[in-house]
Amino acid sequence: MLSGKNIVVTGSNRGIGKAIALKCAAYGANIWICMRKPDADILKEFQECCGEHISPVYFDLRDEAGIKNGAAQILREKRPIDALVNSAGILGAQRLFAMTSMREMREVFEVNFFGPMFFTQLLLRNMIHNQRGSIVNIASNTAIDGKPAMLEYVASKASVIGATKRLSYELAQYGIRVNAVAPGATDTDFIKTTDEDKIREEIYRSAMKRLAKPEEIAETVAFLVSDRAGFITGQVLRVDGGV
């Protein structure tokens, strides 16, 4: 359902981002896999799976110059960008608000919000020129519910949701759709850094009583960037097993 589409996916080196990149490539899309730094093993895995459909791009979302260089590399190819998936993110220190420094909060916002928004801004001219495109931001159900994650993570992902809703109005005139996916606790390496009590609470609150699989999040994103979701914009789709 994504045959021939050109899709940019950040955070492609692991977890949900990697699952999204692999899933979209499996559906026939050409993928720019965006990662912080080269990793021969990951690149080999992508090439064996997806071959010529994969183009690596390296930058750190905390580095404005690096983001500019990454965007410029993509734009130099002069291919229409059909979709951008902002998946990269960090959890943060996981401490009580009173014990969390402003430096730690700013770092989480830099990776989860400001970096992705700047990257989106740089790629938008391509989408606007082509009068089409889809942007999917990976948020979190904690941004809606306020728990079990820590304040800096919740607040940064809530900002992503707010930006998603606002951008959907701004960009609809150019044929660009903007949506967010809000996963619940997902079985990735990311979850291993989370406090076990918080994960147990999340599973207990879930109607399905389990963690999500990265592939389940990826299927949702693949649908949203496809033409099948052509009349869906400004939405936040929870994929959390009924929390």
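The values are calculated or read from the model by the stated rules, or taken from the named source; none is laboratory data. Because the structure is a prediction, the values reported are computed rather than measured. Don't worry about glycine lacking a Cβ; one is built from the backbone with ideal geometry, like all the others, and counts go over all protein chains shown. These area figures cover heavy atoms from the full protein model, side chains too; ligands, DNA and RNA do not enter into them. Shrake-Rupley method; radii C 1.70, N 1.55, O 1.52, S 1.80 Å.
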Checklist entry - Which of the residue pairs LYS78/LYS157; LYS18/LYS44; LYS23/LYS213; LYS68/LYS147; LYS157/LYS198; LYS147/LYS209 have a Cα-Cα distance greater than 23 Å in the structure shown? => result LYS78/LYS157; LYS68/LYS147
Next on the checklist: Rounded to the nearest 20 debye, what is the charge dipole size of segment 15-114 about its Cα centre when +1 sits on each Lys and Arg Cβ and -1 on each Asp and Glu Cβ?
Outcome noted: 180 debye
Checklist outcome for this item: Treating only Lys and Arg (+1) and Asp and Glu (-1) as charged, each at its beta carbon, one finds that segment 34-89 has a dipole about its Cα centre, in Debye to the nearest 20, of 260 debye
Checklist entry - For all pairs of alpha-carbon atoms in the chain, what percent lies in each bin of width 5 Å, listed from the first bin to the last filled one? => result 1, 7, 15, 19, 21, 17, 12, 6, 2, 0
Checklist entry - How large is the accessible surface per residue of segment 1-61, computed with a 1.4 Å probe and reported in Å² as a whole number? => result 43 Å²
Item to check | GNM result for the chain, Cα springs below 10 Å: residue of ILE74, ILE161, ILE42 fluctuating most strongly | outcome: ILE42
Next on the checklist: Modelling each spin label as a point 7 Å along the Cα-to-Cβ direction, I'd like the GLU215/LYS147 distance in nm, to one decimal.
Outcome noted: 3.3 nm
Next on the checklist: Give me the one-decimal nm value for the distance between modelled label points at ARG228 and GLU104, 7 Å along each residue's Cα-to-Cβ direction.
Outcome noted: 4.2 nm
Checklist outcome for this item: So the carbon and sulfur contribution to the accessible area of the chain, 1.4 Å probe, in percent, is 53 percent
Checklist entry - If we count every other residue with Cβ under 10 angstrom of ALA29's Cβ, Lys/Arg +1 and Asp/Glu -1, where does the sum land? => result +1
Checklist entry - How many angstrom lie between the C-alpha centres of segment 137-199 and segment 61-130? => result 14 Å
Next on the checklist: For segment 133-243, what does the convex hull of the Cα positions come to per residue, in cubic angstrom?
Outcome noted: 91 Å³
Checklist entry - Where in segment 166-184 is the amide nitrogen less than 20 Å from a point lying 7 Å along the Cα-to-Cβ axis of ILE128? => result 166-179
Next on the checklist: So, for segment 102-161, what is the accessible surface per residue at a probe of 1.4 Å, expressed in square angstrom?
Outcome noted: 41 Å²
